[in-house]
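What follows is a short report on a single structure.
No lab work stands behind these numbers, since they all come straight from the coordinates. Computed from a prediction, not measured in an experiment: that's the story for all the values here. Reconstructed Cβ throughout: ideal geometry from the backbone, glycine too, with neighbour counts over all protein chains shown.
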Amino acid sequence: KRLAAAVMKCGKNKVWLDPNETSMISNANSRQNVRKLIKDGLIIRKPVAVHSRARVRKNTLARRKGRHTGRGKRKGTANARMPEKIVWIRRMRVLRRLLRKYRESKKIDKHMYHELYL
């Protein structure tokens, strides 16, 4: 089994030995013999176990709706989750865009714009 695992480049748990051919398999003491048994189908590499993401997808959809995000589910501080700096930057960009629009449409003059632009 160890030899077969080395030949197939997998772990020992992934090696399946045909239970009906134990005597034939036990005689195989070289890598070449093991390769022949693999070719004949007496030794098979088991498939990789399923690691489904269905549960994760379901939870992500629920989180988008706002589920599982209460006080008890939060690990970081409010600032770690949504930094005050980024909130500030977004707010300033929105306000400055509005100021620019007002200056273009002559609702405010350039002096008022300069005064309000922080």
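Between the beta carbons of LYS39 and ALA6, assuming R0 = 22 Å, the FRET efficiency works out to 0.85 to the nearest 0.05.
Assuming a ≥ b ≥ c are the square roots of the Cα gyration tensor eigenvalues, decide whether the chain counts as rounded (a/c under 1.5), prolate (otherwise, with a/b larger than b/c) or oblate.
Values: a/c = 5.43, a/b = 3.77, b/c = 1.44.
Prolate.
Cross-link partners of LYS110 among lysines, defined as those whose alpha carbon lies under 21 angstrom from its own and excluding same-chain residues fewer than eight positions apart: LYS101. What pairs from LYS12/LYS36; LYS14/LYS39; LYS58/LYS85; LYS9/LYS36; LYS85/LYS106 go past 22 Å between their alpha carbons? Listed pairs above 22 Å: LYS58/LYS85; LYS85/LYS106. Across the chain, Cα pairs under 8 Å and at least six residues apart give a relative contact order of 17 percent. Phi-derived couplings, Karplus 6.51 cos²θ - 1.76 cosθ + 1.60 at θ = phi - 60°, listed residue by residue for region 94-107: 5, 5, 5, 4, 5, 4, 4, 4, 5, 5, 5, 8, 6, 6 Hz, with x used for Gly and Pro. Placing a label point 7 Å from the Cα of LYS73 along the Cα-to-Cβ direction, the residues of region 47-66 with a backbone N closer than 14 Å are 56-66. When the Cα positions of GLY72, VAL56, TRP16 are compared along the charge dipole of region 12-73, GLY72 comes out farthest toward the positive end, with charges on each C-beta of Lys, Arg, Asp and Glu. Between the Cα long axis of helix 31-40 and the first principal axis of the chain there is an angle of about 80°, rounded to the nearest 10.
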